[in-house]
1. Per residue of region 54-59, in order, report the coupling 6.51 cos²θ - 1.76 cosθ + 1.60 (Karplus, θ = phi - 60°) as ³J(HN,Hα) in whole Hz, putting x for Gly and Pro.
2. Along each principal axis of its Cα atoms, how long is region 57-100 end to end? Whole angstroms, biggest number first, please.
3. Under the rule of at least 5 residues apart or a separate chain, name every residue whose amide H is placed under 5 Å from the amide H of Asn33.
4. Mark the label point 7 Å from the Cα of Asn45 along Cα→Cβ and return the residues of region 14-30 whose backbone N is within less than 12 Å of it.
5. Using a Förster distance of 22 angstrom, determine the FRET efficiency expected from the C-beta separation of Glu16 and Ser89, and round it to 0.05.
6. Using mean Cβ contacts within 10 Å as the protection proxy, how do 38-48, 22-32 order, highest first?
Amino acid sequence: MKKEKRRSSRKLLRIEARYQDPDSRVLKGVLRNISLSGLYIETKNTLSAGTRLHMSLDATDLGKVIDVAGTVVRVDERAGMAVEFDDKSNREIRLLLSTLRKLDQASMLALIRSGLGD
């Protein structure tokens, strides 16, 4: 069994992520999961491990776009890439994760209530 290397728990989601390659071309991907320490972008336009990049995340749950910087730490060719954040105490990322937790809790409460009503 493979040992888990993550320091922070991650939340699954699907939001659009835009980032630039070293030639300043704007590329798009889909954010698949996020934690306080980083994220995974599903994209066919991967960058090399060690590449620094700036990303814009369309966080519609917050009604804003979150800009964040990081470094590519793992690449799955033609599938996506893992990025570690430069600022692991980013206030907007913390707010996004808090909002996702609240949405999860509200969904669970609704499921429990619907089960009790049967």
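Read-outs throughout are calculated quantities, based only on the coordinates presented, and are distinct from any laboratory measurement. If you're wondering where the values come from, they're calculated on a predicted model, not measured in any experiment. FYI the Cβ positions are ideal-geometry reconstructions off the backbone, even for glycines, and counts take in every protein chain you see.
1. Per-residue couplings from phi come out as 10, 10, 10, 10, 7, 8 Hz.
2. 32, 20, 16
3. Correct list: Leu13, Tyr40.
4. Inside the label zone: 17-30.
5. Values: r = 24 Å, r/R0 = 1.10.
That gives a FRET efficiency of 0.35.
6. Details: 38-48: 19.1, 22-32: 13.1.
Output ranking for 38-48, 22-32: 38-48, 22-32.
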